[in-house]
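Student: One structure is given below, represented as structure tokens, and several questions about it will come after.
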Amino acid sequence: MNKTRLAGLILLGCPFAAGTALAQSAPRAAQEQHADIVASVRTFYDGNAAGGSQELADQRGLERQDLRITPSIDADIYRPLGTGYVSLNGSLGYDINARNERFDRERINGTLGAGQMVGPCGIDTTTSYRRQQSDLSSINAAPGAGGLVSNTETTFSVGGMLACGGYVGFQPYAVAQYETSRNSVDQRKGSNSDSFTYGGGLMYTQPSIGEIRLFAVQRDVDFTERDQVNYFGSPELRIRSFGGQFARDIGARLGAFVMLAYTDLDRLGDYDGVDTSGFSGLTWQAKLTLRASERLSFKASAAQETTPSLNYRVDYTERNEYSLEATLMLNSRMNLSLIGSHATRDYNYSVPPLDLNLTHDRMNTITASYNIQPIGPFRVSLDAIYENRAANLDYYEYDAFSAGLTIQMQI
């Protein structure tokens, strides 16, 4: 097997992100063959299962405090095949809620990947499937406005990347992806969408420098149910991004990834009462990892992105997020991590939002985790989470404390 060519192929691999550059992401490192399958049970006390105030919980017919148990099987499989590879990374579980039983349902998230060298070119493909209950903190309407909370979101995507050239030097590449997003509740089906992303760019790879990419990508989004009779809003979005990114691992201690793009989002369709204005401006991502010592490491990230939304009557969401994580190795079996994050979201409607619609929120989160591995065949994680949320309406504001216990066993 040509290890160098295989490593080059994996570095070309590019998971499609529906966010900032639509198809850009930090490159993945080449991997050794492995097959890790883990059975786990997570018990989670949710201090605010309703995603808002007590008044909002009463309107939604929910208990604010709940206990959720999620048994699951997780798989991380990677196998080289000649000058290519196949991979599977995913989780299959089921949520069981003690009080809000209407949220009992499957939780599925998986990605199947495959790649192959063909002459001087590398082909990388991914197929992803995700299905789960909607995040309650993202639901943007109370029941009277059609914002039913017991909603299952299902997303399926298939895409690929073709790049040609040597492992070192210039490599032109092209990307394409098709994605479908669906809601189960009738009132929210107006945000069901099909999208097609396509584009390409030029990469330059040099081990002493890192990887540099220039790209141009377009995403066409079709809201399939918006007939302006039963479901209102812009029937189509067109999102174009142009920019560049840089990634480099500097020794074993420091890694960096920066992406900057100019993004132009247009709402298409000429209908009475529909706002056709969109978004134009910079979108970006930045990630930094630092191993300060043998025991202490840090991760920092920041992003500003614009993405289509599955929420009620929403066309797209503008999101800013900043986070910092510190991990301390207590000994060879135990570590402690602390994560702080700040995120803001603006929900953009092409028809005027109703009085109970969420249009803006801000979330501050602090998470502390304690991990022990192994204890015999088991790994144990304890985490505590504090959330503080502010929004345009008091309905959606809250302070909440939650905690979880996860037990895992390698199969």
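The values are calculated or read from the model by the stated rules, or taken from the named source; none is laboratory data. From a predicted model like this one, the values you see are computed outputs, not experimental measurements. In this analysis, Cβ positions are derived from the backbone assuming ideal geometry, glycine residues included, and neighbour counts consider all displayed protein chains. Side chains are part of the model used for accessible areas, which takes the heavy atoms of the whole protein and leaves out ligands, DNA and RNA. Shrake-Rupley method; radii C 1.70, N 1.55, O 1.52, S 1.80 Å.
Student: Can you tell me which of (1) open to solvent by 30 Å² or more (accessible area, probe 1.4 Å); (2) more than 21 Å from the chain's Cα centre (by Cα); (3) not hydroxyl-bearing (Ser, Thr, Tyr) is the one Arg267 doesn't meet?
Tutor: With (1) open to solvent by 30 Å² or more (accessible area, probe 1.4 Å); (2) more than 21 Å from the chain's Cα centre (by Cα); (3) not hydroxyl-bearing (Ser, Thr, Tyr) applied to Arg267, the lone miss is (1).
Student: Go through the stretch 59-91 and give me each residue that's out of contact with any Lys or Arg (no Cβ under 9 Å at 6 or more places or on another chain), within 20 Å of Ser138 (Cβ to Cβ) and either among the aliphatic types (A, V, I, L, M) or open to solvent by 70 Å² or more (accessible area, probe 1.4 Å) (or both).
Tutor: Correct list: Gln59 only.
Student: Anything in the stretch 387-398 that is modelled with pLDDT of 95 or more and surrounded by fewer than 16 Cβ atoms within 10 Å (Cβ to Cβ)? List them, or say none.
Tutor: The answer is Asn388, Ala390.
Student: Give me the residue from the stretch 326-336 that is touching a strand residue (DSSP E or B) at 6+ places or on another chain (Cβ under 9 Å) and open to solvent by 50 Å² or more (accessible area, probe 1.4 Å) and, out of that set, modelled with the lowest pLDDT.
Tutor: So in the stretch 326-336, the residues touching a strand residue (DSSP E or B) at 6+ places or on another chain (Cβ under 9 Å) come out as 326-330, 333-336.
Subset that is open to solvent by 50 Å² or more (accessible area, probe 1.4 Å): 328-330, 333-334, 336.
Details: Leu328: 97, Met329: 96, Leu330: 95, Arg333: 92, Met334: 95, Leu336: 97.
Checking each candidate, the answer is Arg333.
Student: Looking at the structure I just gave you, is Ala247 among the small types (Gly, Ala, Ser), open to solvent by 30 Å² or more (accessible area, probe 1.4 Å) and under 22 Å from the mean Cα position of the chain (by Cα)?
Tutor: Values: among the small types (Gly, Ala, Ser): yes; open to solvent by 30 Å² or more (accessible area, probe 1.4 Å): no; under 22 Å from the mean Cα position of the chain (by Cα): yes.
Taking the combined requirement at face value, the residue does not satisfy it.
Student: Same structure again: Looking at Ile407, Ile339, which one is open to solvent by 60 Å² or more (accessible area, probe 1.4 Å) and in a strand (DSSP E or B)? Steps first, answer last, please.
Tutor: On the way: Ile339 fails: open to solvent by 60 Å² or more (accessible area, probe 1.4 Å).
Criteria check complete, one pass: Ile407.
Student: Being in a strand (DSSP E or B), of a type in the set (Gly, Ala, Ser) and either over 18 Å from Leu330 (Cβ atoms) or touching a residue at least 24 places away in the same chain (Cβ under 8 Å) (or both) is true for just one of Ala368, Ala384. Which residue is that? Walk me through it before giving the result.
Tutor: Values: Ala384 fails: either over 18 Å from Leu330 (Cβ atoms) or touching a residue at least 24 places away in the same chain (Cβ under 8 Å) (or both).
Sole residue among the options that is in a strand (DSSP E or B), of a type in the set (Gly, Ala, Ser) and either over 18 Å from Leu330 (Cβ atoms) or touching a residue at least 24 places away in the same chain (Cβ under 8 Å) (or both): Ala368.
Student: Write out, first by first residue and then by second, each pair whose Cβ atoms fall under 6 Å of each other, whose residues are 6+ apart or on separate chains, and whose first residue, in the stretch 298-314, is more than 12 Å from Glu325 (Cα to Cα) while the second is open to solvent by 20 Å² or more (accessible area, probe 1.4 Å) and not in a strand (DSSP E or B).
Tutor: Sorted first by the residue in the stretch 298-314, then by its partner, the pairs are Thr307/Ala18.
Student: Something else: Would you tally the residues in the stretch 153-170 being in contact with a Leu (Cβ under 7 Å, 6 or more places away or on another chain) and of a type in the set (A, V, I, L, M)? Walk me through it before giving the result.
Tutor: Within the stretch 153-170, the subset in contact with a Leu (Cβ under 7 Å, 6 or more places away or on another chain) is 153, 161, 163, 170.
This time we only want the ones that are of a type in the set (A, V, I, L, M), so: 161, 163.
The number of residues fulfilling the criteria is 2.
Student: Now, a different point. Run down Thr317, Thr344 and say which single residue is free of Cβ contacts under 8 Å to residues at least 40 places away in the same chain, crowded, with 18+ Cβ neighbours inside 10 Å and closer than 30 Å to Asn192 by Cα.
Tutor: Details: Thr344 fails: crowded, with 18+ Cβ neighbours inside 10 Å.
Result of the check over Thr317, Thr344: Thr317.
Student: Which condition breaks for Gly233 when tested against (1) of a type in the set (Gly, Ala, Ser); (2) more than 30 Å from Cys121 (Cα to Cα); (3) under 21 Å from the mean Cα position of the chain (by Cα)?
Tutor: It is condition (3) that Gly233 fails.
Student: Same structure again: Could you list, in sequence order, the residues of the stretch 57-87 that are over 30 Å from Gln116 (Cβ atoms), of a type in the set (Gly, Ala, Ser) and in a loop (DSSP other than H, G, I, E, B)?
Tutor: Of all residues in the stretch 57-87, those over 30 Å from Gln116 (Cβ atoms) come to 57-72.
Filter once more, keeping what is of a type in the set (Gly, Ala, Ser): 57, 61, 72.
Gly61, the sole residue that qualifies.
Student: Considering each of Phe378, Phe298 in turn, give the residue that is within 23 Å of the chain's Cα centre (by Cα) and surrounded by fewer than 15 Cβ atoms within 10 Å (Cβ to Cβ).
Tutor: Numbers: Phe378 fails: within 23 Å of the chain's Cα centre (by Cα).
Result of the check over Phe378, Phe298: Phe298.
Student: If you don't mind, there's one more thing I want to ask. Determine the pairs where a residue that is outside any strand (DSSP E or B), located within the stretch 199-222, has a partner that is charged (D, E, K, R) and open to solvent by 70 Å² or more (accessible area, probe 1.4 Å) with Cβ atoms under 9 Å apart, the partner being 6 or more residues away or on another chain.
Tutor: Listed pairs, sorted by first residue: Ile209/Arg248.
Student: Collect the residues in the stretch 154-196 that are under 25 Å from Leu62 (Cα atoms), of a type outside the set (Gly, Ala, Ser) and modelled with pLDDT under 95, keeping them in residue-number order.
Tutor: Hits for the stretch 154-196 are Asn183, Val185, Asp186, Gln187, Arg188, Lys189.
Student: Please determine, by comparing only the residues of the stretch 118-176 that are acidic (Asp, Glu) and within 19 Å of the chain's Cα centre (by Cα), which one is least open to solvent (accessible area, probe 1.4 Å).
Tutor: Within the stretch 118-176, the first condition is being acidic (Asp, Glu), and the residues that meet it are 124, 135, 153.
Filter again for within 19 Å of the chain's Cα centre (by Cα), leaving 135, 153.
Values: Asp135: 86, Glu153: 29 Å².
Ranking the candidates gives Glu153 first.
Student: Considering the stretch 349-365 alone, what residues qualify as being β-branched (Val, Ile, Thr) and not in a loop (DSSP other than H, G, I, E, B)? Steps first, please.
Tutor: We begin by selecting, within the stretch 349-365, every residue β-branched (Val, Ile, Thr); these are 351, 359, 365.
Of everything in the stretch 349-365, just one residue is β-branched (Val, Ile, Thr) and not in a loop (DSSP other than H, G, I, E, B), namely Thr365.
Student: Here's a follow-up. Output the number of the condition that Gly115 fails; it satisfies all remaining conditions of (1) at negative phi; (2) surrounded by fewer than 17 Cβ atoms within 10 Å (Cβ to Cβ).
Tutor: (2)
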